[in-house]
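Below is one structure, written out as structure tokens; the observations come after it.
The values are calculated or read from the model by the stated rules, or taken from the named source; none is laboratory data. The structure displayed is predicted, hence computed values, not measured ones. Using ideal geometry, Cβ is built from the backbone for each residue, glycine included, and neighbour counts are taken over all protein chains shown.
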């Protein structure tokens with residue numbers, strides 16, 4: 001099992017999905033949603049992964065202080081998306097996220 005956690009606007013994370021195939025789940029997100037730790041993946045032991053690739057997305061200035069960002073797309077021929085090992089394991093953190101996820105799904 002893999003646990004897909006997304007960053008909330010307040011900077012905390014919450015479990016968005018519990019899946020058996022992280023690769024299929026991540027294909028539903030655009031790269032801009034995954035870069036810089038916006039999406040984390042935990043395995044069953046609480047090992048944390050980022051989703052790659054980590055890349056700078058092209059910005060285009062429109063006028064004044066307004067600009068757009070290319071959301072990018074996965075390059076499946078290069079094996080994207082892929083997991084980037086954070087070399088961190090936090091089972092306590094994962095259990096806390098799962099408890100919160102469980103309470104949300106009960107109230108839905």
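Against the conditions (1) in contact (Cβ under 8 Å) with a residue 12 or more places away in the chain; (2) within 22 Å of residue 100 (Cα to Cα), residue 31 satisfies every one except (2). Can you say whether residue 55 is loosely packed, with under 15 Cβ neighbours inside 10 Å and either modelled with pLDDT of 95 or more or part of a strand (DSSP E or B) (or both), as far as the supplied structure shows? When the stated conditions are applied, residue 55 does not pass them.
A quick yes/no check of all residues on (1) under 24 Å from residue 99 (Cβ atoms); (2) at pLDDT 85 or above; (3) surrounded by 15 or more Cβ atoms within 10 Å (Cβ to Cβ):
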{"site": "10", "(1), (2), (3)": "yes, yes, no"}
{"site": "15", "(1), (2), (3)": "yes, yes, yes"}
{"site": "25", "(1), (2), (3)": "yes, yes, yes"}
{"site": "45", "(1), (2), (3)": "yes, yes, no"}
{"site": "75", "(1), (2), (3)": "no, no, no"}
{"site": "81", "(1), (2), (3)": "no, yes, yes"}
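Determine, yes or no, whether residue 61 is in a strand (DSSP E or B) and in contact (Cβ under 8 Å) with a residue 40 or more places away in the chain. For residue 61, the condition - in a strand (DSSP E or B) and in contact (Cβ under 8 Å) with a residue 40 or more places away in the chain - is not met.
For residue 88, indicate whether it is in a strand (DSSP E or B) and out of contact with any helix residue (DSSP H, G or I) (no Cβ under 9 Å at 6 or more places or on another chain). It would help to see each step written out before you state the result.
Values: in a strand (DSSP E or B): yes; out of contact with any helix residue (DSSP H, G or I) (no Cβ under 9 Å at 6 or more places or on another chain): yes.
Spelling it out, residue 88 is indeed in a strand (DSSP E or B) and out of contact with any helix residue (DSSP H, G or I) (no Cβ under 9 Å at 6 or more places or on another chain).
Within segment 73-99, residues that are farther than 20 Å from residue 25 by Cβ have Cβ atoms under 6 Å from residues that are modelled with pLDDT of 90 or more and in a loop (DSSP other than H, G, I, E, B) in these pairs: 89/46; 90/46; 91/46, counting only partners at least 6 apart in sequence or on another chain.
Candidates 36, 90: the one that is loosely packed, with under 11 Cβ neighbours inside 10 Å and either in contact with a strand residue (DSSP E or B) (Cβ under 8 Å, 6 or more places away or on another chain) or modelled with pLDDT under 90 (or both) is 36.
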